[in-house]
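Here's the structure we're looking at; comments come further down.
Here, each number is a calculation from the coordinates, and none is a lab measurement. What you see is a predicted model; the values in this text were computed from it and never measured. When we count neighbours, we look across all protein chains shown, and the Cβ atoms used for this are built from the backbone with ideal geometry, even at glycine.
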Amino acid sequence: MTEPFYVAVKASLHASDSSVFGLAPEEIIALSKRYSDCNREVINGVLIKASPLKVINSLSELGYRVVCSSGEAEIVWTLKRDVLTSPGPIERTYASPSSEGDSRG
């Protein structure tokens with residue numbers, strides 16, 4: 001069973017840094033391997049020293065897809081990925097993009 005999980009990227013297209021909100025700790029670690037100055041915290045998120053399109057492309061490698069955007073000078077992109085859920089205690093297990101077509105259940 002899967003359920004949607006959303007994150008947001010906020011930045012200007014002309015900026016060299018982006019704020020990302022809603023990432024799981026594992027995803028922050030994955031991005032920090034790619035962007036050395038990734039751990040600067042902002043309120044409810046993390047600041048990444050990279051253009052928003054680079055950040056969005058990196059998040060797409062983690063299985064996220066842009067579902068909407070809003071704004072003019074500063075834009076917020078909302079991204080979604082499906083998260084595998086299991087019965088029992090609430091636990092998040094992140095689906096890999098390669099497992100989306102897997103029929104083994």
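Numerical summary
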| quantity | calculated |
| --- | --- |
| Around Ser19: net Lys/Arg minus Asp/Glu count, Cβ-Cβ under 12 Å | 0 |
| Sites Val66 and Lys33 - FRET efficiency at Förster radius 25 Å, r taken between beta-carbons, to 0.05 | 0.65 |
| Karplus 3J(HN,Hα) series, Hz, for the stretch 57-64 with 6.51 cos²θ - 1.76 cosθ + 1.60 (x for Gly, Pro) | 5, 5, 5, 5, 5, 8, x, 7 |
